[in-house]
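What follows is a set of notes on a single structure, which appears directly below.
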Amino acid sequence: MAEVRLINVNKKFETAWTRRRATGESAGVLAVNQLNLTIQDGEFLVLLGPSGCGKTTTLRMIAGLETATTGQIMIGDREVNQLPPGDRDIAFVFQFYALYPHLSVIDNITFPLRAQKLPPDEIKRRVERVARLLRIDHILKRRPNRLPSGEQQRVALGRAIVRQPQVFLMDEPLTNLDASLRAEMRVELKHLQQELGTTMVYVTHDQTEAMSMSHRIAVMNLGVLQQVGTPLEIYNRPQTLFVANFIGSPPMNLIPARLHDGRQIASEDGPLRLDLNGHRLQADSAQDGDRKVLLGVRSEDMHLADETDAADVSGVVTVREPLGDETIYQVETEAGALLVKTPPRIVRQPGDRVGLTIDRRRIHLFDRATEHSLLV
Amino acid sequence: MTTLEINHLSKSFGRVQALNDLSLGVHSGEFLILLGPTGAGKTTTLRCVAGLEKPDSGMISMGGARIDGLSPAERDVSFVFQSYALYPRKTVYENMAFPLRAREMPADAMRSRIQDVAAKLRITELLQRRPAQLSGGQQQRVALGRAMVREPRMFLMDEPLTNLDFKLRVEMRAELKRLQKELGATFFYVTNDQVEAMSMADRIAILSQGVLQQIDSPETIYTRPANLFVAGFVGSPRMNFLDCVFDPAARALVADDQTWQMPLSPVQLNTLERSASGGYVLGLRAENVEPVWESAPGVIPGQVYVVEPLGDRTLVDIKIGASMIKAKVPPTFAAQTGESLGVRFDHDRFSLFNKSTGEVVL
């Protein structure tokens with residue numbers, strides 16, 4: 001078990017084209033840009049972002065499958081930049097299981113141990129434990145390609161776990177499973193990591209996976225680390241517009257507004273007015289005059305009211321989406337179209353006029369130019 | 001008014017029976033969604049209606065007249081394909097004109113029809129653009145417009161949102177539902193995504209292995225599923241299923257492993273006394289399982305297995321005896337793996353299924 005540290009890590013992919021045209025410092029695509037990140041010993045850290053954000057490149061650099069252009073990668077107290085993957089004491093699980101189809105499940109699992117020349121009774125002890133943990137005792141003699149995908153996935157995990165590496169690296173291992181199996185594996189994987197206590201770095205583009213499984217999430221976009229925090233920190237206090245937009249379903253409502261004298265928020269369109277009472281602005285944000293901002297409100301932090309007088313803003317219901325345990329309303333207001341999440345017992349129909357009140361303790365505020373949060 | 005009537009439709013491909021005696025009706029102006037897993041027979045149904053597939057037996061009629069003998073072009077239905085099926089080199093106007101040119105419609109009539117449809121869809125100002133210059137939502141409108149210019153009696157849609165990214169899909173759900181209501185159009189729509197079905201449909205018809213399982217409003221499907229298949233397929237997280245037996249002496253349902261009891265009302269008792277099932281499955285949605293810290297009568301002891309924070313809510317997986325149960329709690333709820341806690345079942349909101357047939361009993 002070990003801590004993983006990335007210090008000022010950059011990764012530039014150069015193509016023949018960029019090298020030819022380059023003058024002085026070469027151009028190329030900066031896949032990872034000045035990344036500083038410490039993954040604590042025993043932590044389950046998820047790298048989250050859309051495709052092309054640099055999350056897989058980061059994971060592959062930790063694994064040794066890519067070389068960092070500049071910067072330092074540490075596993076425990078060893079710098080591993082120059083070490084080949086096999087010497088890094090890590091285990092990698094991919095989206096595609098990469099099991100040996102001609103070997104039985106047990107031979108697939110013991111393969112890395114026999115390569116390490118471990119004594120047979122040690123191998124037996126480890127396999128028994130892993131098989132019990134993953135509930136694959138009953139299929140050890142079978143061939144993997146005859147098994148359902150959920151069991152194949154567990155065999156792939158078993159092969160990684162049995163090596164007892166310092167760090168697990170996983171790249172979207174649940175992506176190819178159907179929804180209900182994915183939900184089940186999320187729970188099992190999280191439980192397993194807690195039981196083993198092994199450091200885990202896990203890449204996904206699925207915010208539900210990231211939120212539900214991790215100790216901390218590192219959100220990346222265009223090679224740049226946006227924010228690192230616990231799931232609830234990321235959800236409740238997104239530091240950039242990108243994070244606010246990427247996390248949450250349905251997406252956060254973002255209302256174009258002006259911040260006046262660092263105290264009052266007024267929507268660009270419509271009558272929405274809010275005081276910043278109880279919120280503190282970032283040190284450099286309390287300027288006089290008007291600042292162009294986006295007011296962010298999650299759909300569950302707005303409430304429907306029949307009284308339109310006392311409401312913050314009013315409008316007409318255009319769409320009602322009953323989802324069973326909750327209902328989402330789209331309301332066309334003077335401040336724009338807003339989404340409101342309500343308990344299922346609240347029923348309104350398209351065409352109904354409703355008021356919306358905003359939970360002031362739970363608002364977000366972003367500078368439209370920098371796209372950074374203005375609230376502390 | 002029923003626009004489309006499907007009666008006793010069956011269809012096999014070789015030895016695989018894709019549709020088994022399917023009967024359902026689509027009302028005029030309705031958004032009806034056919035929901036089911038891959039291989040349930042959804043697309044086959046749609047293709048039979050469109051005339052792209054010939055059923056082995058059964059009847060399909062529209063507005064009271066049989067259409068099964070008609071060619072696809074004569075059926076007055078229009079398939080809406082995904083937005084990316086637009087011709088990229090043609091303007092929006094030319095994309096919409098394409099099906100009309102194929103019918104050799106006079107130029108004046110064509111122009112005015114396209115203008116009418118464009119106005120309804122609010123894409124008049126986009127007519128000279130090319131698809132690549134449009135947002136995803138605008139492209140979807142154009143795809144719909146291309147189907148609308150033919151003035152069909154019904155729109156058929158086969159998973160039109162599947163390939164969109166998550167955010168756009170959420171946006172397009174609301175957009176499609178709004179358009180359907182504004183236009184008063186009849187949509188017959190196929191998907192395997194239960195959230196899509198719940199959020200958009202007036203009614204959902206659930207298919208499994210070619211057999212209709214239930215057809216009803218989203219709310220009824222969610223709160224009163226007709227059988228175990230529907231209960232397990234609709235809702236996220238999946239409904240908790242717990243094996244139990246009926247104990248007439250205790251006037252309660254009792255877990256197979258004795259870990260819990262669910263008291264029954266006189267009406268429920270009456271129903272169960274007349275039912276002859278040996279075993280039952282109790283179905284409980286995660287929001288109807290309440291974790292509690294104090295032990296009290298009726299509280300079932302358990303242990304936290306995993307806590308899953310999702311932001312607006314948290315899921316807690318709790319081990320009760322040999323079974324695992326999921327509870328949905330507010331995000332402020334704090335618990336650690338391994339902690340002991342109790343759960344209370346909501347005695348008013350549960351489903352009970354016959355274990356051998358899967359049919360709902362209570």
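If R0 equals 51 Å, the separation of the Cβ atoms of residue B:169 and residue A:121 corresponds to a calculated FRET efficiency of about 0.45.
Quote the FRET efficiency, to the nearest 0.05, computed for residue A:347 versus residue B:28 with a Förster distance R0 of 30 Å and r equal to the Cβ-Cβ distance.
On the way: r = 24 Å, r/R0 = 0.80.
The calculated FRET efficiency here is 0.80.
Shielding of peptide B:165-178 by partners, expressed as the average count of other chain Cβ atoms within 10 Å per residue Cβ, is 4.
Would you please give the FRET efficiency between residue B:107 and residue A:280, computed as 1/(1 + (r/R0)^6) with r the Cβ-Cβ distance and R0 = 51 Å, to the nearest 0.05?
On the way: r = 65 Å, r/R0 = 1.28.
Here the calculated transfer efficiency is 0.20.
Rounded to the nearest 20 Debye, what is the dipole magnitude of chain B about its Cα centre when Lys and Arg each give +1 and Asp and Glu each give -1 at the C-beta?
Details: 40 positive and 40 negative charges, 282 e Å.
So the dipole magnitude of chain B works out to roughly 1360 debye.
For a 30 Å ceiling on Cα separation, which of these pairs sit above it: A:292/A:341; A:190/B:177; B:11/B:167; B:177/B:326; B:42/B:328; B:319/B:355? Walk me through the intermediate numbers first.
Working: A:292/A:341 27 Å; A:190/B:177 37 Å; B:11/B:167 37 Å; B:177/B:326 32 Å; B:42/B:328 32 Å; B:319/B:355 22 Å.
Result: A:190/B:177; B:11/B:167; B:177/B:326; B:42/B:328 exceed 30 Å.
Comparing the range B:59-181 with the 2.2 N^0.38 Å rule of thumb, its C-alpha radius of gyration ratio is 1.10 (two decimals). Here the residues B:46, B:9, ranked from fewest to most Cβ neighbours within 10 Å of their Cβ, fall in the order B:46, B:9. Taking 20 Å as the straight-line reach from the Cα of residue A:124, the lysines in range (excluding those fewer than 8 positions away in the same chain) are A:141.
Relative to the longest principal axis of the Cα atoms of chain A, the long axis of helix A:120-134 makes an angle of roughly 30 degrees. Taking the charge dipole of the protein assembly as shown about its Cα centre, with +1 at Lys and Arg Cβ atoms and -1 at Asp and Glu Cβ atoms, the residue from B:357, A:340, A:68 reaching farthest to the positive side is A:68.
Each residue of the range B:51-66 was assigned a 3J(HN,Hα) from its phi angle through the Karplus curve 6.51 cos²θ - 1.76 cosθ + 1.60 (θ = phi - 60°); the sequence is x, 8, 9, 9, x, 6, 8, x, 10, 10, 10, 10, x, x, 10, 5 Hz, with glycine and proline shown as x. Paramagnetic label reach from residue B:252 (point 7 Å along Cα→Cβ; backbone nitrogen cut-off under 12 Å): within the range B:325-362, residues B:345.
Considering only B:199, B:41, B:72, and ranking their Cα positions along the charge dipole of the range B:2-233 that arises from unit charges at the beta-carbon of Lys, Arg, Asp and Glu, the one farthest toward the positive end is B:72. Helix A:149-161 and the long axis of chain A differ in direction by around 70°, with both axes built from C-alpha atoms.
Where in the range A:104-146 does the label zone of residue A:65 land, with the point 7 angstrom along Cα→C-beta and an amide N cut-off under 18 Å? From the range A:104-146, the list is A:112.
Backbone phi angles across the range A:255-260, fed through the Karplus curve with coefficients 6.51, -1.76 and 1.60 (θ = phi - 60°), yield HN-Hα couplings of 10, x, 8, 10, 9, 9 Hz in residue order; Gly and Pro are listed as x. The spread of Cα positions in chain A, taken along each principal axis and listed from longest to shortest, comes to 77, 59, 38 Å. Excluding same-chain residues fewer than 8 positions from residue A:55, which lysines have a Cα within less than 17 Å of its Cα? Result set, ordered by chain and number: A:11, A:12. Under a 5 Å amide H cut-off, with hydrogens placed 1.01 Å from N, residue B:3 pairs with B:26, B:27, B:28 among residues at least 5 apart or on other chains. In straight-distance terms, cross-link reach from residue B:90 covers every one of the aspartates and glutamates whose alpha-carbon lies under 20 Å from its own, apart from those fewer than eight places away in the same chain; here that gives B:104, B:108, B:116, B:125.
For the range B:308-323, 3J(HN,Hα) computed residue by residue from phi via the Karplus equation (6.51, -1.76, 1.60; θ = phi - 60°) reads 10, x, 10, x, 7, 7, 10, 9, 10, 8, 10, 8, 10, x, 8, 9 Hz, glycine and proline entered as x.
So what does log10 I(q)/I(0) come out to for chain B at q = 0.15 Å⁻¹, using the Debye formula with one equal point on every Cα and no solvent? These q points yield log10 I(q)/I(0) values of -1.22.
Projecting label points 7 angstrom from Cα along Cα→Cβ for residue A:181 and residue B:349 puts them 3.1 nm apart.
Between residue B:85 and residue B:290, the distance separating the two model label sites (each 7 Å from Cα on the Cα→Cβ line) works out to 5.0 nm.
For peptide B:192-200, what's the mean number of Cβ atoms from other chains within 10 Å of each residue's Cβ? Mind dumping the intermediate values first?
Details: counts 2, 1, 3, 5, 1, 0, 6, 9, 3.
The mean count of partner-chain Cβ atoms within 10 Å per residue comes to 3.
When DSSP beta bridges are restricted to pairs lying wholly in the protein assembly as shown, around 80% turn out antiparallel. Axis of helix A:105-115 versus longest Cα principal axis of chain A: the two differ by about 70°, to the nearest ten degrees. Annotation for residue B:337 and residue B:324: the two label points, set 7 Å from Cα along the Cα-Cβ direction, are 1.2 nm apart. Panel note: the C-alpha atoms of the protein assembly as shown, placed on their principal axes, show extents of 78, 78, 58 Å (largest first). Distant-in-sequence amide contacts of residue B:79, defined by a placed amide H-H separation under 5 Å and a gap of 5 or more residues or a different chain, comprise B:156.
Readers should treat all values here as calculations from the given coordinates under stated rules, not as data from a laboratory. Here the structure is a predicted model, which is why all the values come from computation and not from measurement. Quick reminder, even Gly has a Cβ in these numbers, built from the backbone with ideal geometry, and neighbours come from all protein chains shown.
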